[in-house]
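The values are calculated or read from the model by the stated rules, or taken from the named source; none is laboratory data. Quick caveat, the model's predicted, so the values are computed rather than measured. Neighbour counts are summed over all protein chains in view; Cβ atoms, including those assigned to glycine, are modelled from backbone coordinates with ideal geometry.
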């Protein structure tokens with residue numbers, strides 16, 4: 001029988017002033033820190049490096065494109081935890097329709113829910129996930145639609161959210177209470 005529940009207990013309140021300051025910077029007012037953050041904070045070295053590579057700042061990619069890439073990456077990694085957090089916080093904010101939210105998890109790049117640019121994003125996530133590379137055909141499409149700076153940001157997002165998924169899945173993090181449930 002396989003054990004359930006988180007494998008590592010998160011740090012508990014009261015947080016150190018330094019850690020509380022970090023949580024206050026990255027979490028919306030009134031929202032407690034994610035279990036992912038409080039669990040990784042058990043090992044400060046890992047948490048500091050995780051935060052350093054997080055790409056939480058406003059980069060060269062639109063928030064909508066960013067969220068499509070993040071949601072699709074988490075879905076491809078089977079990470080309901082992070083997918084649910086992002087859908088709950090951002091789907092409405094970036095105007096993802098219910099069909100598009102579903103398509104991040106259950107659709108394909110050919111799904112009618114996506115625009116041509118968005119299809120490129122889904123293909124990018126899928127190719128990197130399946131083959132750890134980008135085909136020449138996809139690269140040409142990406143280069144026609146996005147700047148090099150944007151393409152590198154998109155690749156980094158896919159890689160970073162693989163790491164997030166590995167942590168959340170490997171640590172068996174329970175879904176956040178407000179997280180969106182995966183579509184049936």
Next item on the list: Mind telling me which of the residues 87, 69, 101 ends up being part of a helix (DSSP H, G or I) and over 23 Å from residue 26 (Cβ atoms)?
Entry: 101
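Does region 101-118 include one or more residues that are under 26 Å from residue 51 (Cβ atoms), surrounded by fewer than 16 Cβ atoms within 10 Å (Cβ to Cβ) and within 17 Å of the chain's Cα centre (by Cα)?
To start, the set of residues in region 101-118 that are under 26 Å from residue 51 (Cβ atoms) comprises 104.
Right, trim to surrounded by fewer than 16 Cβ atoms within 10 Å (Cβ to Cβ) and you get none.
Within region 101-118 (the criterion being under 26 Å from residue 51 (Cβ atoms), surrounded by fewer than 16 Cβ atoms within 10 Å (Cβ to Cβ) and within 17 Å of the chain's Cα centre (by Cα)), the answer is no, since none of the residues qualifies.
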Next item on the list: Determine the pairs where a residue that is in contact (Cβ under 8 Å) with a residue 40 or more places away in the chain, located within region 169-181, has a partner that is buried (at least 18 other Cβ atoms within 10 Å of the Cβ) and not in a helix (DSSP H, G or I) with Cβ atoms under 6 Å apart, the partner being 6 or more residues away or on another chain.
Entry: 169/79
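Would you check if residue 140 is loosely packed, with under 13 Cβ neighbours inside 10 Å, touching a residue at least 12 places away in the same chain (Cβ under 8 Å), in a helix (DSSP H, G or I) and over 14 Å from the mean Cα position of the chain (by Cα)?
Considered against the rule, which asks whether it is loosely packed, with under 13 Cβ neighbours inside 10 Å, touching a residue at least 12 places away in the same chain (Cβ under 8 Å), in a helix (DSSP H, G or I) and over 14 Å from the mean Cα position of the chain (by Cα), residue 140 comes out as no.
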Next item on the list: Give the residues of region 20-44 that are in a helix (DSSP H, G or I) and either touching a residue at least 12 places away in the same chain (Cβ under 8 Å) or surrounded by 13 or more Cβ atoms within 10 Å (Cβ to Cβ) (or both), sorted by residue number.
Entry: 20, 22, 23, 26, 35, 36, 37, 38, 39, 40, 44
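Return yes or no: is residue 122 under 20 Å from residue 62 (Cα atoms) and assigned by TED's automatic domain parsing to the domain that holds residue 74?
Spelling it out, residue 122 is indeed under 20 Å from residue 62 (Cα atoms) and assigned by TED's automatic domain parsing to the domain that holds residue 74.
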Notebook entry, point to check: Which numbered condition trips up residue 92, out of (1) crowded, with 17+ Cβ neighbours inside 10 Å; (2) not in a helix (DSSP H, G or I)?
Noted result: (1)
